[in-house]
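K.L.:
Have a look at this one before I ask anything.
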Amino acid sequence: MNKPLEKPSLNDLMKKAQEMQKKMQEIQKQIAEMEVIGQSGGGLVKIVMTGQHYAKRVTIDPEVLKEEKSIIEDLIAAAINDAAERIERGTREKMNVLTGIKLPEGFDLPPT
């Protein structure tokens, strides 16, 4: 005969919730400290961005400065978008480790 499954005690549930909260805080810290490089134009424009979507540095190859203003603006925007996507991918990967669940593309997480 099979034993009935034991229900976890309230203390067990609270302990697990606290462990999960600590892991979540650590991941949020890792994400905030993360830095990525977004690029466009084959690396002619680079943006260094933190996990909190703060742009730290912009690097533009001098050759790009010979282009029309609208092209330069488009390259900068594309590099920013590339950096933001890299942050989102990194965030999903870190959350997958915590939850053991693969989060879908475009899944929005609460701000850190």
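K.L.:
What percent does the relative contact order of the stretch 1-58 come to when contacts are Cα pairs within less than 8 Å and at least six residues apart?
P.N.:
Result for the stretch 1-58 is 20 percent.
K.L.:
Let me ask something additional. Once R0 is set to 35 Å, what does the formula 1/(1 + (r/R0)^6) return for the Cβ-Cβ distance between L98 and A55, expressed as a FRET efficiency to the nearest 0.05?
P.N.:
Calculated value: 0.85.
K.L.:
Let me ask something else about it. Please report the orientation-averaged projected area of the stretch 1-76, defined via the convex hull of its C-alpha atoms, in nm².
P.N.:
That works out to 9.4 nm², a quarter of the Cα hull's surface.
K.L.:
Here's another thing I want to ask about it. May I ask you to list the residues of the stretch 26-67 whose amide nitrogen lies under 11 Å from a point 7 Å from Cα along the Cα→beta-carbon direction of E85?
P.N.:
39-40
K.L.:
What ranking do 38-47, 64-73 get when scored by the average of other Cβ atoms within 10 Å per residue, highest first?
P.N.:
38-47, 64-73
K.L.:
For the stretch 13-71, with every protein chain kept in place, what is the accessible area per residue (1.4 Å probe, Å²)?
P.N.:
Per residue, the stretch 13-71 has 73 Å² of solvent-accessible surface.
K.L.:
A follow-up question, please. Using 7 Å Cα-to-Cβ label points, what is the L13/I71 separation (nm, one decimal)?
P.N.:
If labels sit at L13 and I71, their model points lie 6.3 nm apart.
The values are calculated or read from the model by the stated rules, or taken from the named source; none is laboratory data. This one's a predicted model, so the numbers in the text were calculated from it and none came from an experiment. Cβ sites come from the backbone with ideal geometry, for glycine too, and all protein chains shown count toward neighbours. We work out accessible area using only protein heavy atoms, side chains counted, and drop any ligands, DNA or RNA first. Shrake-Rupley method; radii C 1.70, N 1.55, O 1.52, S 1.80 Å.
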